[in-house]
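Just below is one structure, and these are the notes that go with it.
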Amino acid sequence: MTYENALEVLKKYGQEHVLAYYDELNDEEKQSLLSQIEEIDFSIFDVLKEKESDGKEGMITPTEVLTLDTIKDYEFAYKVLGETAIQKGQLALVMLAGGQGTRLGFDGPKGTYNIGLTRDLYIFECQVKTILTVVRTLGRWIHLYIMTSDKNYEATTSFFAEHKNFGYKEEYLHFFKQELVPSVDFNGKILMEAPSKICLSPNGNGGWFSSMKRAGLVDQLDKEGIRYINVFAVDNVLQKIADPVFLGSMMMEDYQSAAKVVKKADPYERVGVLCKKDNKPYIVEYYELSDEMRCEKTVMGEYAYNYGVILNYIFPVNQLKQLLNQKMPLHMAKKAIPYMNENQELVKPTEPNGYKFETLALDMLQFMNDCLPFEVIREYEFAPIKNAEGVDSPETARELLKKNGYKL
């Protein structure tokens, strides 16, 4: 990107101040700043404008779930269909691993966290070993794409190299970085950390496919004949990945997308619930559920909004390509963001001074015509590691791993 190109883009969005100190920079700093501008997804500013004028709420209603009993009845047929698709090379996997282990009190990519007690057992290792079970059973390697962030790319790739990819065939393992978005002040102006450095942060896990596109990996999907992508979070160490029954159920029931769900532990559990909004798939966050919705029951006496998502989805590639032309919902969070003042000094505020933005993978569902909620048993498939202690911590995950026969 040239200076002229950069200025043209910045003028379009009223952000020319980003180049205010350009003439004072050395050649290396100039190139760095232009590279940052080139990497920015400026579409967030278009989404922000639409967000301000969009006051539409929509009607939220419960959705029917493919329950454990029904899955058991059709499991063989689902499995055969899913296994055939995998053996034909039609499934790829995307692991969302851009996060750091900060909340665990751990300095490094979350996937490098060691949950073993008497031996090493890393989060990344748990996921790869689960996939390898399917690979060995079906005799077919599956392309695995791992989304990292600008902050943890080097540490993640080095970790895999150090551990010889945990036995995964290198030509089927691909790493890419998620896109970055700028942080802005309360007036919508991009914040700077230094004359040559923009305040940037990852664009959230909802940008995984657009980040693959930018990395040139979508062309590879076409070349390999991949039709479906199973996308999943790095931190759930018990989930089944490349699950033939899950894939086959979506194909046989003729759905555009599918999501693994678990029955909530109680009506107030802090998980997103899969339902419908204006008859389209929609995940309502736990804090958006009213008490009336939480306690609403079906004619069978079960809670109507009773199934939480675990961030394990299947999407068809052709639908994901169409999604590239859509504007994903943008989530804004007020944050205390270090910034450069008019004296070119770095200021570290203690109170929020601007916004950070992200998109969420769960929002991708509302761009699908339908979504199959696929129930799994939480004790066998839901052991997320998010907090240092208490709920969803290494301690709770270890107990579930032991229950499932893992030696720690």
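This table checks each residue for (1) in a strand (DSSP E or B); (2) closer than 18 Å to Asp235 by Cβ; (3) open to solvent by 30 Å² or more (accessible area, probe 1.4 Å).
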position	(1), (2), (3)
Lys129	no, yes, yes
Leu132	no, no, no
Thr137	no, no, yes
Ala155	no, yes, yes
Ser201	yes, no, no
**Asked** Can you tell which of Thr350, Thr396 is more than 29 Å from Glu224 (Cβ to Cβ) and assigned to a helix (DSSP H, G or I)?
**Response** Thr396
**Request:** Restricting attention to segment 277-312, report how many residues are within 19 Å of Met59 (Cβ to Cβ), surrounded by 12 or more Cβ atoms within 10 Å (Cβ to Cβ) and among the small types (Gly, Ala, Ser).
**Result:** 1
**Asked** In this structure, does Leu362 turn out to be within 20 Å of the chain's Cα centre (by Cα), of a type in the set (A, V, I, L, M) and part of a helix (DSSP H, G or I)?
**Response** yes
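Of everything in segment 89-108, what is in contact with a strand residue (DSSP E or B) (Cβ under 9 Å, 6 or more places away or on another chain) and at pLDDT 95 or above? Give them in sequence order. Outline the logic, then answer.
Within segment 89-108, the subset in contact with a strand residue (DSSP E or B) (Cβ under 9 Å, 6 or more places away or on another chain) is 90-101, 106-108.
Matches in segment 89-108: Gln90, Leu91, Ala92, Leu93, Val94, Met95, Leu96, Ala97.
Kindly evaluate Glu375 against the criterion of being acidic (Asp, Glu) and out of contact with any strand residue (DSSP E or B) (no Cβ under 7 Å at 6 or more places or on another chain). Quick ask: steps written out before the conclusion?
Working: acidic (Asp, Glu): yes; out of contact with any strand residue (DSSP E or B) (no Cβ under 7 Å at 6 or more places or on another chain): no.
Spelling it out, it is not the case that Glu375 is acidic (Asp, Glu) and out of contact with any strand residue (DSSP E or B) (no Cβ under 7 Å at 6 or more places or on another chain).
Kindly indicate which of Glu64, Glu57, Glu75 is within 30 Å of Glu358 (Cβ to Cβ), of a type in the set (D, E, K, R) and either at pLDDT 95 or above or not in a helix (DSSP H, G or I) (or both). Steps first, answer last, please.
Values: Glu64 fails: within 30 Å of Glu358 (Cβ to Cβ); Glu75 fails: within 30 Å of Glu358 (Cβ to Cβ).
Result: Glu57 is the single residue among Glu64, Glu57, Glu75 that is within 30 Å of Glu358 (Cβ to Cβ), of a type in the set (D, E, K, R) and either at pLDDT 95 or above or not in a helix (DSSP H, G or I) (or both).
Could you check segment 146-166 and list, in sequence order, the residues that are touching a residue at least 12 places away in the same chain (Cβ under 8 Å) and not hydrophobic (A, V, I, L, M, F, W, C)?
Residues of segment 146-166 touching a residue at least 12 places away in the same chain (Cβ under 8 Å): 146-153, 155-157, 159-160, 163, 165-166.
Correct list: Thr148, Ser149, Asp150, Lys151, Asn152, Tyr153, Thr156, Thr157, His163, Asn165.
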**Selection count, segment 139-153, where residues are open to solvent by 70 Å² or more (accessible area, probe 1.4 Å), in contact with a Lys or Arg (Cβ under 9 Å, 6 or more places away or on another chain) and at pLDDT below 95** = 1
**Asked** Since Ile37 meets every condition but one in (1) crowded, with 17+ Cβ neighbours inside 10 Å; (2) not in a helix (DSSP H, G or I), which condition does it not meet?
**Response** (2)
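Would you confirm whether or not segment 214-230 contains a residue that is closer than 24 Å to Asp107 by Cα, touching a residue at least 60 places away in the same chain (Cβ under 8 Å) and of a type in the set (Asp, Glu)? Walk me through how you get there before you give the answer.
Residues of segment 214-230 closer than 24 Å to Asp107 by Cα: none.
No, the conditions are met nowhere in segment 214-230.
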**Complete:** Taking segment 248-271 and the residues there that are of a type in the set (Lys, Arg) and open to solvent by 10 Å² or more (accessible area, probe 1.4 Å), the one that is nearest to Asp392 (Cα to Cα) would be Arg270
**Message:** open to solvent by less than 10 Å² (accessible area, probe 1.4 Å), of a type in the set (Phe, Trp, Tyr) and at pLDDT 95 or above: which single residue out of Phe159, Phe124 fits that description?
**Reply:** Phe124
**Request:** For Leu117, work out the one condition from (1) at pLDDT 95 or above; (2) open to solvent by 40 Å² or more (accessible area, probe 1.4 Å); (3) more than 26 Å from Val309 (Cα to Cα) it doesn't fulfil.
**Result:** (1)
**Request:** Scan segment 161-188 residue by residue and report those that are of a type outside the set (D, E, K, R) and closer than 23 Å to Lys213 by Cβ.
**Result:** Tyr172, Leu173, His174, Phe175, Phe176, Gln178, Leu180, Val181, Pro182
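Which strands (runs of 3 or more DSSP E) sit wholly inside segment 268-340 and have at least 3 residues that are touching a helix residue (DSSP H, G or I) at 6+ places or on another chain (Cβ under 6 Å)?
In segment 268-340, 280-284 are the strands (runs of 3 or more DSSP E) which contain 3 or more residues that are touching a helix residue (DSSP H, G or I) at 6+ places or on another chain (Cβ under 6 Å).
Suppose we keep only residues that are basic (Lys, Arg) and within 21 Å of Val262 (Cα to Cα) within segment 67-101. Which one would you say is surrounded by the fewest Cβ atoms within 10 Å (Cβ to Cβ)? Give the steps one after another, and end with the answer.
Step one: list which residues in segment 67-101 are basic (Lys, Arg), which gives 72, 79, 88.
Next, only the ones that are within 21 Å of Val262 (Cα to Cα) stay: 72, 79.
Numbers: Lys72: 10, Lys79: 17.
Across segment 67-101, the extreme among qualifying residues is Lys72.
Could you tell me how many of the residues in segment 234-247 are among the small types (Gly, Ala, Ser) and either without any contact (Cβ under 8 Å) to a residue 24 or more places away in the chain or surrounded by fewer than 21 Cβ atoms within 10 Å (Cβ to Cβ) (or both)? Before the answer, list the steps.
So in segment 234-247, the residues among the small types (Gly, Ala, Ser) come out as 242.
Among the residues that remain, those that are also either without any contact (Cβ under 8 Å) to a residue 24 or more places away in the chain or surrounded by fewer than 21 Cβ atoms within 10 Å (Cβ to Cβ) (or both) are: none.
The total comes to 0.
The values are calculated or read from the model by the stated rules, or taken from the named source; none is laboratory data. All of these numbers come straight from a predicted model, not from anything done at the bench. Glycine also receives a Cβ, built like all others from the backbone with ideal geometry; neighbour counts cover every protein chain displayed. Protein only, heavy atoms only, side chains kept; ligands, DNA and RNA dropped before computing areas. Shrake-Rupley method; radii C 1.70, N 1.55, O 1.52, S 1.80 Å.
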